[in-house]
Amino acid sequence: MKRIKTLHSSSNQGAYIPRNLGGQDDHLSRTTSKYSNNSAQHPISTDSIARLPVPDRRINLKISTYSMPVEIGCFSYGPDRGIKMQCREALGYYHCPTLGASLSEGFSDRFIKRDPASEHLDALLNCVKDANQRLQANGKAPVIPQICTWRGIMNKIAQVPYASNETWEFGVTLHKGTIYIEEHESIEKQKSKFGATDRDAMFTYWGYKFESLSTIPIPPNQLEHDDPVLKNRETAVVNTNIQFCSVFKTNYGSHSVVMGAEVDCVTREIETGTSPQSVYAELKTTQVIDTDRKRHSFEKFKLLRIWLQSYLAGVPKVIIGFRTGDGHISHVQEFDTSELPRLVRGKPGMWDPNRCIAFGDQFLAWIKQVVTIDDWNTVYTVRFDSNKQMIEMLAPVTGGDQVFIPKDFSLEK
């Protein structure tokens, strides 16, 4: 129990107690017409050229490996969505929020939503290129992965063995030896990013508000008595443009992979010579768990997503704010990412982390076999529908609005 803490709560009522434990970069340039909001309505082939079935849960998969991610770069989105490379100014420090605080405060007048249109892989590619230029300037070899994508995409892939009512569609391009994967988003999905209904929008806001209430701009050890930065959290504007992203390399089975991932905060200052990821933390909210049904749902679905999201990016700490039905913070708990799978181990109908990682490896091996046309202007489409229990690859299409890698792009130049 020492690795799972309830913070600053006067009561453990509703606490989760495990039953079995107790400036925009210019490297990429595009035309407005080519990457307008209509780009989601891309022409794609309807011919399936390859299929990868979801493995029967009764069949064991070959165990795979996932090496500890190593950060190669980072960037911050500012209040106007401008990007600063190798910059951590958007990364705040965790400081426990005030219990009982309302997550709804500011929803109507202090909520800035970023443009929901797809940003493709632009920022990620720019960051890898910038990092490589710095490496080469110091006489070091650039990082040229076999796979490059966002962590969220790999998260969806690795969840496939346990997915229900889940569909997704990705665009895939092989360019100069690297496979790039981005998500195809419909206009409807883009518009619903911050909630398709007023109720959904409020739930989305609660998550952002919890992050705002849980972070401060200075290290906690520099706080003074009654420091105004703590009070300012309650009235601060929630601006979803502001984000910090870590870009890291890893070996996933036999595949070299580079991913980019949003990181919510750090638990302390990053010491010189240490891995930045050692102090990264993920912030999440969920409803108070006061019934067995809620517990089962949390452990089976949300805990899997939280674990994968943190594990893939090498984030060691997850901090969850448990909220009441009307959006007030009941209590806060910290979890070590490495301990999360143990909370569901041996429980019927739950997930196995090894199975998720093994399937992700299997998917990458499959996609490397199928995607063979090395051309920035050629895009394959890969689809998944959990009702069909099948991933399928559609025939590649050349040209058109679905193209997402610039013609002359190179990770080395």
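Derivation of every value follows stated rules applied to the coordinates shown; laboratory data play no part. The shown structure was predicted, so the numbers you read here are calculated from the model rather than taken from an experiment. A quick note on method: Cβ atoms are made from the backbone with ideal geometry, for glycine too, and the neighbour counts reach across all protein chains shown.
The separation of region 46-64 from region 145-170, counted between C-alpha centres, amounts to 13 Å. Peptides 78-88, 118-128 ranked from most to least packed by the mean count of surrounding Cβ atoms within 10 Å: 118-128, 78-88.
Residue-wise HN-Hα couplings along region 305-321, as the Karplus relation 6.51 cos²θ - 1.76 cosθ + 1.60 with θ = phi - 60° gives them from phi, are 4, 5, 4, 4, 4, 7, 4, 4, 8, x, 8, x, 10, 10, 10, 10, x Hz; Gly and Pro carry x.
For the chain, the 222 nm mean residue ellipticity estimated from helices alone, with every DSSP H stretch of n ≥ 4 adding -39500 (n - 2.57) and the total spread over all residues, rounds to -6500 deg cm²/dmol. Measuring between alpha carbons in the structure, the pairs from LYS191/LYS302; LYS191/LYS300; LYS113/LYS231; LYS129/LYS249 lying more than 18 angstrom apart are LYS191/LYS302; LYS191/LYS300; LYS113/LYS231. Each listed q (0.09, 0.13 Å⁻¹) maps to a log10 I(q)/I(0) for region 278-413 from the Debye sum over equal C-alpha point scatterers, namely -0.45, -0.81. Here region 5-398 is assigned +1 on the Cβ of each Lys and Arg and -1 on the Cβ of each Asp and Glu. Its dipole about the Cα centre then comes out at about 1020 debye. About its Cα centre, the dipole of region 334-393 is roughly 320 debye, where the only charges are +1 on Lys and Arg Cβ and -1 on Asp and Glu Cβ. Per-peptide packing, taken as the mean over residues of other Cβ atoms within 10 Å, places 330-337, 396-403 in the sequence 330-337, 396-403 from highest down. DSSP bridge analysis restricted to the chain gives an antiparallel fraction near 75%, rounded to the nearest 5. Taking a ≥ b ≥ c as the square roots of the eigenvalues of the alpha carbon gyration tensor, region 133-250 is oblate, as a/c is not under 1.5 and a/b does not beat b/c. Taking other C-beta atoms within 10 Å as the exposure proxy, SER108, SER275 rank SER108, SER275 from fewest upward.
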